[in-house]
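The values are calculated or read from the model by the stated rules, or taken from the named source; none is laboratory data. Note that the coordinates shown come from a computational prediction; the quantities given were computed from them, not determined experimentally. Quick reminder, even Gly has a Cβ in these numbers, built from the backbone with ideal geometry, and neighbours come from all protein chains shown.
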């Protein structure tokens, strides 16, 4: 597991997390600019979720505020975690309809890119779509599958997660839109992903599982769902059978240069 210099903030006895003013200012900068960027780029289901969550702009939200909305809409909750967690813990949480949220926020020096998932990425990027039953069902099914999967199978599942929940695109009546949280919480990626630079491919779960990725670059390839309901349908298909098929076929050649150590 990658080391991080960030430390998640602890709640007091009442469950309240007290963030310093500089961190509230970072949140305000991030949410203000990102809402403008994604206004005509995010899918409607995500925008509906943003409206339901009614996220504050001037301060970092408390997890209890998020939980009230998620529980009422799909039965989900967010769970406070350290900056980085093991795969096992991640799958256990999702299998119990709990989405992990690290209670720290990036520094002003790392405003535009952060390798670790901070509270802005998790709350702004992912929680709006957890109000959507289709997205929530797929995320729950994914957690249960990951919990029962072998170490090698989890690597293939990780690619599926990366190219859907984190970096997925979807076709809509309004045109191609973003639903992946890794894109929606990123200034550069939310502009780049719908440009002519990256490759955009029709979604195929087996092909997605065979697609290598790097976490520290703009993605060279995105997979595009025909609609968001495709995730709900996928949740009820034989995903582990697809994993076995993908493992037999092997990986595609990476569309990026190897990372320099």
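A few notes on this one:
- The selection criterion, being part of a helix (DSSP H, G or I), farther than 17 Å from residue 84 by Cα and at pLDDT below 95, does not hold for residue 137.
- Unmet requirement for residue 152, which otherwise passes all of (1) more than 16 Å from the chain's Cα centre (by Cα); (2) at pLDDT below 95: (2)
- Among (1) touching a residue at least 40 places away in the same chain (Cβ under 8 Å); (2) in contact with a strand residue (DSSP E or B) (Cβ under 8 Å, 6 or more places away or on another chain); (3) not in a helix (DSSP H, G or I), the one test that residue 100 misses: (1)
- Residues considered: 160, 94, 70. Of these, the only one that is under 25 Å from residue 35 (Cβ atoms) and either surrounded by 22 or more Cβ atoms within 10 Å (Cβ to Cβ) or within 14 Å of the chain's Cα centre (by Cα) (or both) is 70.
- Within region 1-24, considering residues that are free of Cβ contacts under 8 Å to residues at least 40 places away in the same chain and within 11 Å of residue 60 (Cα to Cα), the one nearest to the chain's Cα centre (by Cα): 24
- Options 56, 61; residue that is within 17 Å of residue 185 (Cβ to Cβ), in contact with a helix residue (DSSP H, G or I) (Cβ under 9 Å, 6 or more places away or on another chain) and free of Cβ contacts under 8 Å to residues at least 12 places away in the same chain: 56
- Qualifying positions in region 22-58 - part of a loop (DSSP other than H, G, I, E, B) and surrounded by 15 or more Cβ atoms within 10 Å (Cβ to Cβ): 41, 43, 55
- Boolean, residue 211 is buried (at least 19 other Cβ atoms within 10 Å of the Cβ) and in a loop (DSSP other than H, G, I, E, B): yes
- Out of 250, 168, 181, 146, one residue alone is in contact with a helix residue (DSSP H, G or I) (Cβ under 7 Å, 6 or more places away or on another chain) and without any contact (Cβ under 8 Å) to a residue 60 or more places away in the chain. It is 146.
- Annotation: residue 84 fulfils all but one of (1) within 16 Å of residue 17 (Cβ to Cβ); (2) not in a helix (DSSP H, G or I); the unmet one is (1).
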